Amino acid sequence: MDSSQFREAGKGAIDEIADYYDTLAERPVLPSVAPGYLRPLIPASAPEEGESWDKIQSDIDRVIMPGLTHWQSPKFMAFYPCNSSFPAMLGDMYSGAFNSAAFNWICSPAVTELETVVMDWVAKLLALPDVFLSDGEGGGIIQGTASEVIVTALVAARERVVRRRLRDMPEGEEKLDKAADIRGKLVALGSEHAHSSTQKAAIIAGTRFRSVSAPKDTNFSVTAAALRKTIEECRAKGLEPFYFTATLGSTGTCAVDDLAGIAELTKDYPDLWIHVDAAYAGSTLVCPEYQHLCPPLAAFDSFNFNLHKWLLVNFDCSAFFVKKRKDLMDTYSITPSYLRNPHSESGMVTDYRDWQIPLGRRFRSLKVWFVLRSYGVSGLRAFIRKHVKLGEYFNELLESRSDIFSVVTKSAFGLVTFCVKPTPPHSAVANANQPNPGHEAYLNDFTPTAEAQYQEDANQKTKDVYEKINSKGEFFLTSSVVCGQYI
Ligand code: PLP
């Protein structure tokens with residue numbers, strides 16, 4: 001494909017994408033294909049000779065479209081969203097065109113410098129404490145996903161503890177043995193409702209993982225007392241908690257851990273790295289009405305949220321802020337001779353490879369820059385507020401049919417969790433004075449197992465309704481189980 005063919009193909013592709021977005025709401029959100037649908041539609045191996053673009057493009061409709069789940073559809077209500085926008089798509093297009101690995105400043109100064117500035121814009125937009133700005137000891141870096149951020153933070157936390165413990169020991173075998181002993185005792189912590197990425201990161205880092213309880217009576221949030229209890233239990237067993245993921249918007253119910261209480265607790269555990277995972281809910285911090293959550297963040301080591309979830313930046317884009325960039329660089333900066341250059345050695349530039357696990361990196365800040373400029377602060381706030389209002393409206397609809405539904409956690413950051421009330425047993429219905437009194441009718445039975453029976457029946461009914469909705473393909477919802485309750 002030469003540049004004139006590219007011009008033509010590109011215009012056609014953009015027309016096709018615009019048509020797709022214009023007609024998205026009319027499509028069922030889930031595809032109806034069976035597993036393995038795609039293989040028979042394309043040859044068993046790559047073509048010997050190149051094909052025309054027309055032929056390739058026509059396969060979007062024939063091969064790809066039937067197997068797409070339409071994440072951008074207004075009927076997609078599963079998982080957390082993965083928003084997109086046209087300015088972000090253009091950013092990705094330019095990024096693909098300039099195509100660089102940009103690990104060191106000199107590999108493309110614009111890639112590094114725009115990222116630094118745009119991450120400062122984002123930190124200010126979210127009213128993050130100043131410690132996360134690049135003009136001090138902190139700063140922001142863009143990673144692909146929250147899971148990558150968490151493993152990056154957790155491994156840096158592990159190495160920070162080891163460095164601190166062995167600060168005065170001379171280099172050598174003995175120090176390496178001692179470091180291995182320390183690593184063998186380390187425990188990473190996260191809420192029982194934290195995303196599984198913390199557990200996965202602990203596996204990758206070769207440390208233990210313990211969950212901190214966050215029961216229904218604290219609205220599924222970790223309290224400072226619960227965290228302290230888990231830390232002390234670990235210590236009593238000779239283990240060393242070194243890292244905790246605090247959640248601002250847990251995956252199951254959008255719970256927020258007690259950030260202010262946990263910030264106080266850091267004074268007693270100065271070696272504990274606390275990372276705040278706000279993967280989904282963090283985007284609401286663009287709105288002043290949510291920014292009361294921000295001041296405690298100053299006590300923590302790092303913070304992340306995914307612009308690709310809810311801030312109109314196409315996948316992938318997870319913003320990772322650290323209070324002390326040195327904590328990352330002390331772990332990740334390894335400089336073989338082929339990576340040396342006068343700019344890096346001058347100490348005047350940022351080399352983001354020293355803050356992260358991979359070497360190469362994409363030009364992701366371009367799409368962030370395009371989105372921030374296209375929507376402006378007011379546009380982004382309006383976008384988030386609209387979604388929050390839709391969540392509140394949905395919550396009201398559920399509550400207006402309390403004969404059928406019970407809301408388990410009220411609309412929080414746009415997320416509502418609910419279950420479907422089971423039909424009470426006949427004996428209970430006889431006592432009841434409503435069409436479906438649900439829980440009360442079960443308890444009217446006065447059997448010791450009535451409560452457990454209610455829960456089991458509610459779980460089954462909710463699961464049945466959930467599966468029925470998704471099997472139709474028109475809408476797509478997500479189910480979960482929180483503290484034994486199917487939602
Ligand atoms: N953290 C939280 C709170 C999440 O809800 C999710 C996913 O929904 C993740 C982390 C993982 O996100 P990613 O796909 O960016 O790794």
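Let me know the charge dipole size of region 95-372 about its Cα centre in debye, to the nearest 20, where only the beta-carbon of Lys, Arg (+1) and Asp, Glu (-1) is charged.
Dipole size: approximately 440 debye.
Each residue of region 156-162 in turn: what ³J(HN,Hα) in whole Hz from Karplus with 6.51, -1.76, 1.60 and θ = phi - 60°, glycine and Pro shown as x?
5, 5, 4, 6, 5, 4, 4
Before rounding to the nearest 500, sum -39500 (n - 2.57) across all DSSP H runs of length at least 4 in the chain and divide by the residue total; then give [θ] at 222 nm in deg cm²/dmol.
Value at 222 nm, helices only, nearest 500: -13500 deg cm²/dmol.
Return the sequence-ordered ³J(HN,Hα) values of region 216-231 in whole Hz as given by the Karplus equation 6.51 cos²θ - 1.76 cosθ + 1.60 applied to θ = phi - 60°, using x for Gly and Pro.
In residue order, the calculated couplings are 4, 6, 10, 6, 6, 9, 7, 8, 4, 5, 5, 5, 4, 4, 5, 4 Hz.
What list do you get for 419, 254, 107, 483 if you sort them by fewest beta carbons within 10 Å?
Neighbour counts put them in this order, fewest first: 483, 107, 419, 254.
Along the charge dipole of the chain, Cβ charges K/R +1 and D/E -1, which of 314, 337, 222 sits furthest on the positive end?
222
Could you pull out the pairs from 75/472; 200/367; 75/468; 178/237; 386/410; 185/237 whose alpha carbons sit more than 21 Å apart here?
200/367
Got the relative contact order for the chain handy, in percent, Cα pairs under 8 Å and 6 or more residues apart?
With pairs under 8 Å counted, the relative contact order is 19 percent.
Show the residues, 5+ positions off or on another chain, whose built amide H is closer than 5 Å to the amide H of residue 209.
188
What's the exposure ranking of 423, 245, going from fewest to most Cβ atoms within 10 Å?
Lowest count first: 423, 245.
In sequence order, what are the phi-derived ³J(HN,Hα) couplings for region 309-323 according to the Karplus relation 6.51 cos²θ - 1.76 cosθ + 1.60 with θ = phi - 60°, rounded to whole Hz, with x for glycine and proline?
3J(HN,Hα) across region 309-323, in whole Hz: 7, 9, 10, 6, 9, 4, 4, 10, 6, 10, 8, 10, 10, 10, 6.
Can you put 159, 289, 115, 399 in order, fewest other beta carbons within 10 Å first?
289, 399, 159, 115
We did not get these values from a lab; they are worked out from the coordinates using the rules stated. The model shown is predicted, which means the values in this text are computed figures rather than measured ones. Ideal geometry is used to build each Cβ from the backbone, glycine not excepted, and the neighbour counts take in all protein chains shown.
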